[in-house]
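Contents: one structure, followed by commentary.
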Amino acid sequence: EVQLLESGGGLVQPGGSLRLSCGASGFTFTNYAMSWVRQAPGKGLEWVSAISGNGVSTYYADSVKGRFTISRDISENTLFLQMNSLRAEDTAVYYCAKGDRAGQWLASSFDYWGQGTLVTVSS
Amino acid sequence: QSALTQPASVSGSPGQSITLSCTGTSRDIGTYNYVSWYQQHPGKAPKLMIYDVSDRPSGVSNRFSGSKSGNTASLTISGLQAEDEADYYCCSYAGSSTHVVFGGGTQLTVL
């Protein structure tokens, strides 16, 4: 059974940093591209970042480019999102999501999602 | 403002068929057949309902179907049921610069 479990969310001041983790199990981690998708309170989904299965290629939304870094540890089957220079508008539930087919560099459809971790940026 | 445009709300009665629209541009929906749809109940993670415009993952009811014409994708739900009441989001591949875009979501109410 595929499982994705996010952690690392919390309250952080504007300008601060936070590192999110997503532990994956139930599938061959290196075969699938992974993404982070966020949802601000009461708002819609926003794609944030993605990484290829082998970790070589990374992709970012313009809203986070230069501030966020996606990475993956294949030995630990874990996806990360390092978030720096956080702003109030980064406040959201952050979901990790698995690409729906093996071998993609960038997934645009996601068949499994974690339960999400809440990041609140406020002073 | 979301990259893909969805109506904010749609409603229907049990047993009816309804169609949700998702309008993009020639840079996303109009060029790529990588449109997906997600159902999200309050407080829950999104669930994949349709991928590649019209394909259904195993386990998703065949009451859900997808299509595309030009820059607009559609999700049709037939035989509407109370459990279909949820938010629905469309998503598309958008090329090598923008990558992936979501719609703003449609809240479906089953009357």
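Send over the Kirkwood Rh of the range B:46-109, from the inverse of the averaged 1/r over different Cα pairs, rounded to one decimal Å.
Details: mean 1/r = 0.0777 Å⁻¹.
Answer for the range B:46-109: a Kirkwood hydrodynamic radius of 12.9 Å.
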Backbone HN-Hα couplings from phi across the range B:46-53 [Karplus 6.51/-1.76/1.60, Hz, Gly and Pro as x]: x, 10, 5, 10, 9, 9, 6, 6
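Starting with the fewest neighbours, write out A:Asp100, A:Asp73, B:Asp28, B:Asp52 ranked by other beta-carbon atoms found within 10 Å of each beta-carbon. Don't skip to the end; give the middle numbers.
Working: A:Asp100 20, A:Asp73 12, B:Asp28 24, B:Asp52 17.
In increasing order of surrounding Cβ atoms, one gets A:Asp73, B:Asp52, A:Asp100, B:Asp28.
Beyond 22 Å, what share of the Cα-Cα pairs of chain A remains, rounded to the nearest whole percent? Intermediate values should be presented prior to the final figure.
Working: 1973 of 7503 pairs.
Tail of the P(r) past 22 Å holds 26 percent of the pairs.
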For residues of B:87-97, the mean tally of beta carbons on other chains within 10 Å: 2
Label-to-label distance, nm, for residues given as A:Thr120 and B:Gln81 (7 Å Cα→Cβ offset): 3.7 nm
Distant alpha-carbon pairs in the range A:15-62 (separation over 12 angstrom), percent: 73 percent
In Hz, Karplus ³J(HN,Hα) per residue of the range A:16-22 (6.51, -1.76, 1.60; θ = phi - 60°; x = Gly, Pro): x, 10, 8, 10, 8, 10, 9
Selection of GluC sites (Glu not before Pro), the range A:1-93, meeting DSSP coil and at most 10 other Cβ within 10 Å: A:Glu1
Charged-residue dipole, Cβ positions (Lys, Arg, Asp, Glu), chain A about Cα centre, Debye nearest 20: 240 debye
At 0.890 mPa s and 25 °C, Stokes diffusion of the protein assembly as shown via Kirkwood alpha-carbon radius, µm² per second: 137 µm²/s
Chain lengthening between B:His41 and B:Ser26 when straightened (0.36 nm per residue, less Cα-Cα): 2.4 nm
Label-to-label distance, nm, for residues given as A:Ser25 and A:Gln82 (7 Å Cα→Cβ offset): 2.7 nm
FRET efficiency, A:Ser71 to B:Val60 (Cβ-Cβ, R0 22 Å, nearest 0.05): 0.10
GNM top mover of A:Gly55, A:Gly44, A:Gly103 - chain A, alpha-carbon springs below 10 Å: A:Gly44
Highest-fluctuation residue, B:Ala86, B:Ala73, B:Ala45 considered, GNM on chain B with Cα pairs under 10 Å: B:Ala45
Cα-Cα P(r), chain B, percent of pairs per 5 Å interval: 2, 14, 24, 25, 19, 10, 4, 1, 0
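List the relative contact order of chain B as a percent without decimals, with contacts defined as Cα pairs under 8 Å and 6+ residues apart.
Details: 279 pairs, mean separation 42.7, N = 111.
Averaging sequence separation for qualifying contacts and normalising by length gives 38 percent for chain B.
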Cysteines, the protein assembly as shown, no other Cys beta-carbon under 4.7 Å: B:Cys91
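Read-outs throughout are calculated quantities, based only on the coordinates presented, and are distinct from any laboratory measurement. Predicted, not measured: the structure shown is a model, and the values here were computed from it. Don't worry about glycine lacking a Cβ; one is built from the backbone with ideal geometry, like all the others, and counts go over all protein chains shown.
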